[in-house]
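What follows is a set of notes on a single structure, which appears directly below.
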């Protein structure tokens, strides 16, 4: 059977794109191979570890189990979009550094994109709620506590409940 | 890259039915959180897929003209949990599907996929059994509606005929009006785990809140497919609300369930927790309905 392709039109990190994709590709394949967005990690590739997590139309998805052809008409955001115009880090990225929430770093982009969805809701969550909201990620280094600290502190800072 | 032979995409239900007729061997893919994983594991490798994920008319929750709750089969779990109609009338379904996988899984996984997969552990299935849900299938001859208990044939097999696809899950008004329910999932982790056993109960109390007017209970992983335990329902129906009744109701489920030994848990352990789950779900449902226990 000859390879089957489809033209996918979508917005990636704010930029309109048109890509001819092999229908067998996952969204991880599209983002990494066609756009070199290597913050999107290939971890388990079966939707368990969350290393490939990206935001599609304001909701988090594991891009490894999302067909690239489904991206048609959607707006996708990866960790790369958080970088400021002069290469600055965003507040949540800085918090991950300050709280020592990064060790090997492989899970970090996925965790941060879930944190972005949580922070953009503008709501205040309890520690337990944050634990549940971040539960779609595996980290084998940190023991999670520092990651939760980073998300919780950034949430409180954005809500003006903790000095920045 | 997935090892798939070909992908056929449908944008409307009509197109999906046509593709089903043209490619009877092809596997339907909704959100893909079961199908793509099985493909990755080699179980469905090399197969043709019919993607229905882009059919937006199959998304969303609404009340139809008979005030039945109509859940489009492609509605994701997170959207079901957040939906105001679900929260008002059948909140327990929103709670049950909020225990599936993790947040990203709940954004992609669909209620249609969960039921069509035909597995007993599906967190939505026991609650849908307990609500007497109706499954809507659309095929070349039009629409067919069947009770969910008839939809499940055996483990991994559901009643989808040639050319058909599941288009909605419907909870009739007389199933939900006046009822409140509770779901318990027993699993080894709080997230990203499959139910060792799941139990869903809903009750309708008398006006003075002292008598069980009606009660329904269903289990996941208490047999090869989700099941109701009618003996316990009969035992409690029409009885005055009490702690003793809750305990007798819990024990009675042993008359009907038939769990198996698996690497996840033994048959004896499943029976033990099932009794406790039924009792706790009973008590919680009574409390939610305004009764005292």
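The values are calculated or read from the model by the stated rules, or taken from the named source; none is laboratory data. Predicted, not measured: the structure shown is a model, and the values here were computed from it. We place every Cβ from the backbone using ideal geometry, glycine too, and count neighbours over all the protein chains shown.
What to note about this one:
- Annotation for the stretch A:46-60: no member residue is assigned by TED's automatic domain parsing to the domain that holds residue A:149 and surrounded by fewer than 17 Cβ atoms within 10 Å (Cβ to Cβ).
- Single condition residue A:75 does not satisfy, out of (1) surrounded by fewer than 16 Cβ atoms within 10 Å (Cβ to Cβ); (2) out of contact with any strand residue (DSSP E or B) (no Cβ under 7 Å at 6 or more places or on another chain); (3) touching a residue at least 40 places away in the same chain (Cβ under 8 Å): (2)
- Residues in the stretch B:265-279 that are more than 23 Å from the chain's Cα centre (by Cα) and farther than 20 Å from residue B:189 by Cβ: 1 in all.
- For residue B:224: the one exception among (1) part of a strand (DSSP E or B); (2) closer than 23 Å to residue B:116 by Cβ: (1)
- Selection within the stretch A:105-150 - within 13 Å of chain B (Cβ to nearest Cβ), more than 15 Å from residue A:82 (Cα to Cα) and not in a loop (DSSP other than H, G, I, E, B): A:128, A:129, A:130, A:131, A:132, A:133
- The set of residues from the stretch A:35-63 being assigned to a loop (DSSP other than H, G, I, E, B) and under 10 Å from the mean Cα position of the chain (by Cα) comprises A:39, A:40, A:41, A:50, A:51, A:52.
- Answer from A:24, A:32 - the residue that is crowded, with 16+ Cβ neighbours inside 10 Å, within 9 Å of chain B (Cβ to nearest Cβ) and either assigned to a loop (DSSP other than H, G, I, E, B) or within 15 Å of the chain's Cα centre (by Cα) (or both): A:24
- Boolean, residue B:96 is outside the structural domain of residue B:168 (by TED's automatic domain parsing) and in contact (Cβ under 8 Å) with a residue 40 or more places away in the chain: no
- Residue B:113 being within 14 Å of chain A (Cβ to nearest Cβ) and either surrounded by fewer than 21 Cβ atoms within 10 Å (Cβ to Cβ) or under 11 Å from the mean Cα position of the chain (by Cα) (or both): yes
- Within the stretch A:64-77, the residues that satisfy the criterion of being facing another protein chain (nearest Cβ under 10 Å) and either over 22 Å from residue B:5 (Cα atoms) or not in a loop (DSSP other than H, G, I, E, B) (or both) are A:64, A:65, A:67, A:68, A:69, A:70, A:73.
Listed here are the residues, each with its yes/no results for (1) assigned by TED's automatic domain parsing to the domain that holds residue B:213; (2) touching a residue at least 60 places away in the same chain (Cβ under 8 Å); (3) within 15 Å of residue B:70 (Cβ to Cβ).
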site: B:113; (1), (2), (3): no, yes, no
site: B:116; (1), (2), (3): no, yes, no
site: B:119; (1), (2), (3): no, no, no
site: B:125; (1), (2), (3): no, yes, no
site: B:130; (1), (2), (3): no, yes, no
site: B:159; (1), (2), (3): no, no, no
site: B:163; (1), (2), (3): no, yes, no
site: B:168; (1), (2), (3): no, yes, yes
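- Considering the conditions (1) under 25 Å from residue B:287 (Cα atoms); (2) out of contact with any strand residue (DSSP E or B) (no Cβ under 9 Å at 6 or more places or on another chain), residue B:255 is excluded by exactly one of them, (1).
- Residue in the stretch A:79-91 that is within 14 Å of chain B (Cβ to nearest Cβ), buried (at least 18 other Cβ atoms within 10 Å of the Cβ) and closer than 17 Å to residue A:53 by Cα present: no
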